[in-house]
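The values are calculated or read from the model by the stated rules, or taken from the named source; none is laboratory data. Computed from a prediction, not measured in an experiment: that's the story for all the values here. Cβ placement follows ideal geometry from the backbone for every residue including glycine, while neighbour counts extend to all protein chains displayed.
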2 protein chains.
Amino acid sequence: MTSQHAVPTLEDVAKVAGVSPATVSRSLNSPSLVSKETLKRVKSAVETLGYTPHFGARFMSAKRTMTIGAIIPTMENAIFAKGIQAFQERLHDLGYTLLISSNSYDPEIEAEQVRALASRGADGILLIGYWREEKVYKFLQQRNIPFLLAWAFAANNALPAIGFDNRASMYQLCAQVLTMGHRNIAVISGTTEGNDRATNRLKGITECLAVAGINLENVPIIETPYDIDNGANAFEKLMTGPKRPSVVMCGNDVLAVGALQRAQEMGIAVPAEVSITGFDGIELARVVTPRLTTVCVPHSEMGRRAADELVRMVESGEAGRSFELSSEIKVEKSISAII
Amino acid sequence: MTSQHAVPTLEDVAKVAGVSPATVSRSLNSPSLVSKETLKRVKSAVETLGYTPHFGARFMSAKRTMTIGAIIPTMENAIFAKGIQAFQERLHDLGYTLLISSNSYDPEIEAEQVRALASRGADGILLIGYWREEKVYKFLQQRNIPFLLAWAFAANNALPAIGFDNRASMYQLCAQVLTMGHRNIAVISGTTEGNDRATNRLKGITECLAVAGINLENVPIIETPYDIDNGANAFEKLMTGPKRPSVVMCGNDVLAVGALQRAQEMGIAVPAEVSITGFDGIELARVVTPRLTTVCVPHSEMGRRAADELVRMVESGEAGRSFELSSEIKVEKSISAII
DNA sequence: GGATTTGATGAAAGCGCTTGCATCGACTCG
DNA sequence: CGAGTCGATGCAAGCGCTTTCATCAAATCC
């Protein structure tokens, strides 16, 4: 081993540059307080030593860590990917590092991750949706850690959030479905327990149907975790049930794509024999045949603006604001009108 | 504001439990050294105060951080999602926290992220593929930080890696394509610069074609970043060129799906008029119509085993080993034989 | 039963950095 | 030209934790 793994410290840099550690620190953090001359010497010392500030030490003496945490339910399907990617890019531009954790929709793990991020000094945290145990919010407040909720927006909730109204969007989509003449509706919903987005989407459908005077007892609803195969299986169950629906509304695109796929395998024509709708407007929705009728959500915009707002909260110390983004119903070939 | 944001410290816990800070520390980290009695008191003090160890402080005095970093090119398309998800899950089981960064295939940003993770005390780092500037490897070695490469495997490279042989896999797929009678081949490759996976996949094709005696000058190759629309555009260019290929081989499934989509838009029948192949075997490949002929990679297994190996390296201090995983060619409807 | 071991705990020294305060020339001002 | 400013720098006190070493009482041994 040629290299002695002596990680260089501030003091080493100071020695090489012939100044005090304090001056090195200032050169790195507030260059304006240091003379051009010294700055140059320090810079070169840093280079030759390959010095990297020790994050732990910095974290201990300074308050800020320039780190933002994000906790998402899953990375596996693409629902959050685009938004988080945009979130990360914007944060990077703003000089922050993003730490991501995912928890497979498990609230226990989520709570644990909040603590982990807090103890790692996250200056702010991004969470998905509203629902979580009260103690998590308590903890965040007690620790005074700014947080922002994303992928959801509820006008009647004071917590700072950026997203869209899942209920209203789905309501609208359902209204569209009704307008096209469908009365025989089935639903494949994501797991609603502990998931306010899924819950609200389902609510959007049931409310709309109720308003339209459709008896909900006749509307089969299957709940299942977001996954292509689950969507497929649920679809099969619905289509082999007592009464075939004319349209299957799915809680998100992943489920819908599963449904679509199983339809093909079963030789059921879409949309001729049955229509299918999704939600989210992820890539998956536009590459399948027929394209999915879905609700398009501005993922990238959401990610970017979430970054802006969270950083604003962190840097200004002000309370977070909420932003409602608009979603857009995109009617594609996976649905047809009933004549 | 009701809550004074006084984050409780070890000392606070000590005071409440009526013991010394040292004892609290031991209770938390080496319970076996502490009496049952004391342990109980400390535990309850921790609970009532909602104490969370200060990561920075811990990092400063201890060596381990129980943190693993992963640096991936992108979260946006699903190539890495499944593998990283499995990686994270396994790490969680092993008691480690995962920090993820993505860099949009920018080597500068990657280098920066390696430093960021190092200064944050990552006990080990997962990187994608072999190629990166020598200084990055130097840095890692000098800092004595265990690292593992994933999504690639090259028998002739000593760096610890877990993955598959991109060149060999693509060679095999290409051989299959030739077997089916295709001689008029076009390629849509991912950007090869700075990307050894893309480079090797392309090499797999060209080598195979060379062996088959096909003049590479007649093989149009378009290089473009991994993105559905880029795949679509490249496909269109190829199909409107001087001589239509009978098969378009794509560097990954994302490009292939783009190609497939544009084919549909252009009214070109797949596989009747042109065949299309992908690489990776992500979900996208199996939901499109026709299903994509592709090379399936064991993403989840790779993620899990990467976690195991990296943790082993960290905990044992031993050098990393390399693992070649096998990939599997999956022939689906997107390709047809030339008679 | 005195000497030694053992188990449980405390005291205190850092770990590498930031920052308030002190210092000290060099300048400015009246 | 002496007093007050100011810009640049150093000194040193922590930040919250881990860990070595010392301490001390109880248990063990010959």
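Summary table below
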read-out	value
Residue check for B:SER25: within 8 Å of DNA strand D (Cβ to nearest atom) and at the interface with chain A (Cβ under 10 Å from one of its Cβ atoms)	no
Residues (without any contact (Cβ under 8 Å) to a residue 12 or more places away in the chain and closer than 22 Å to A:ILE68 by Cβ) located in region B:89-107	B:HIS92, B:ASP106
Counted residues, region A:25-68 - those being crowded, with 19+ Cβ neighbours inside 10 Å and small (Gly, Ala, Ser)	4
Lone qualifier among A:GLY213, A:GLY241 - being farther than 28 Å from A:SER322 by Cβ, out of contact with any helix residue (DSSP H, G or I) (no Cβ under 7 Å at 6 or more places or on another chain) and at pLDDT below 95	A:GLY241
Answer from B:GLU283, B:GLU273, B:GLU318 - the residue that is in contact with a helix residue (DSSP H, G or I) (Cβ under 9 Å, 6 or more places away or on another chain), modelled with pLDDT under 95 and not assigned by TED's automatic domain parsing to the domain that holds B:LEU149	B:GLU283
Residue list for region B:138-164, filter: in contact (Cβ under 8 Å) with a residue 12 or more places away in the chain and within 20 Å of A:VAL7 (Cβ to Cβ)	B:PHE139, B:LEU140, B:ARG143, B:ILE145, B:PRO146, B:PHE147
In region B:48-100, the residues that are basic (Lys, Arg) and at pLDDT 90 or above	B:ARG58, B:LYS82, B:ARG90
Scan of region A:71-86 for residues that are facing another protein chain (nearest Cβ under 8 Å), of a type outside the set (Ser, Thr, Tyr) and out of contact with any Lys or Arg (no Cβ under 8 Å at 6 or more places or on another chain), ordered by number	A:MET75, A:ASN77, A:ALA78, A:ALA81, A:LYS82, A:ILE84, A:GLN85
Test: residue in region B:137-146 that is surrounded by 21 or more Cβ atoms within 10 Å (Cβ to Cβ), within 27 Å of A:PHE80 (Cβ to Cβ) and touching a helix residue (DSSP H, G or I) at 6+ places or on another chain (Cβ under 6 Å)	no
Selection within region A:233-276 - of a type in the set (Gly, Ala, Ser), surrounded by 17 or more Cβ atoms within 10 Å (Cβ to Cβ) and over 26 Å from A:ALA168 (Cβ atoms)	A:ALA263
Every residue from region B:171-221 that is more than 22 Å from the chain's Cα centre (by Cα), under 27 Å from B:SER104 (Cα atoms) and either among the basic types (Lys, Arg) or in a loop (DSSP other than H, G, I, E, B) (or both)	B:PRO220
Residue list for region B:22-34, restricted to those being assigned to a helix (DSSP H, G or I) and within 7 Å of DNA strand C (Cβ to nearest atom)	B:ALA22, B:THR23, B:ARG26, B:LEU33
Selection count where residues are under 20 Å from A:ALA86 (Cα atoms), of a type outside the set (Gly, Ala, Ser) and within 12 Å of chain B (Cβ to nearest Cβ), scope region A:261-285	3
Number of the condition not met by A:SER326 [criteria: (1) touching a residue at least 60 places away in the same chain (Cβ under 8 Å); (2) out of contact with any Asp or Glu (no Cβ under 6 Å at 6 or more places or on another chain); (3) under 20 Å from A:ILE188 (Cα atoms)]	(3)
Tally of residues being touching a strand residue (DSSP E or B) at 6+ places or on another chain (Cβ under 9 Å) and of a type in the set (Lys, Arg) across region B:184-213	2
Residue match in region A:326-333 (condition: within 14 Å of chain B (Cβ to nearest Cβ) and either surrounded by 22 or more Cβ atoms within 10 Å (Cβ to Cβ) or within 29 Å of A:GLN88 (Cα to Cα) (or both))	no
Options B:GLY231, B:GLY251, B:GLY258: the member that is touching a helix residue (DSSP H, G or I) at 6+ places or on another chain (Cβ under 6 Å), more than 14 Å from chain A (Cβ to nearest Cβ), closer than 25 Å to B:TRP151 by Cβ and not acidic (Asp, Glu)	B:GLY251
Filter pass, A:TYR51 being more than 8 Å from chain B (Cβ to nearest Cβ) and within 12 Å of DNA strand C (Cβ to nearest atom)	yes
Single residue of B:ALA175, B:ALA152, B:ALA81 found to be on the phi < 0 side of the Ramachandran plot and surrounded by fewer than 20 Cβ atoms within 10 Å (Cβ to Cβ)	B:ALA175
B:PRO107 in contact with a Ser or Thr (Cβ under 7 Å, 6 or more places away or on another chain) and in the same structural domain as B:ARG143 (by TED's automatic domain parsing)	no
Matching option when the condition is more than 22 Å from A:LEU149 (Cα to Cα), surrounded by 20 or more Cβ atoms within 10 Å (Cβ to Cβ) and in the same structural domain as A:THR293 (by TED's automatic domain parsing), among A:ILE188, A:ILE214, A:ILE221	A:ILE188
Lone qualifier among B:VAL13, B:VAL19, B:VAL7 - being over 30 Å from A:ASP227 (Cβ atoms), within 12 Å of DNA strand C (Cβ to nearest atom), out of contact with any strand residue (DSSP E or B) (no Cβ under 7 Å at 6 or more places or on another chain) and not in a helix (DSSP H, G or I)	B:VAL19
Residues being polar (S, T, N, Q), more than 18 Å from B:THR97 (Cβ to Cβ) and either near DNA strand D (Cβ under 9 Å from one of its atoms) or in a loop (DSSP other than H, G, I, E, B) (or both) - total across region A:38-76	3
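Condition check ((1) away from DNA strand C (no atom under 16 Å from the Cβ); (2) away from chain B (no Cβ under 14 Å); (3) touching a Cys at 6+ places or on another chain (Cβ under 7 Å)) across all residues:
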{"site": "A:LYS36", "(1), (2), (3)": "no, yes, no"}
{"site": "A:GLY56", "(1), (2), (3)": "no, no, no"}
{"site": "A:THR65", "(1), (2), (3)": "no, no, no"}
{"site": "A:GLY69", "(1), (2), (3)": "yes, no, no"}
{"site": "A:GLN88", "(1), (2), (3)": "yes, no, no"}
{"site": "A:LEU99", "(1), (2), (3)": "yes, no, no"}
{"site": "A:LEU117", "(1), (2), (3)": "yes, no, no"}
{"site": "A:GLY124", "(1), (2), (3)": "yes, yes, no"}
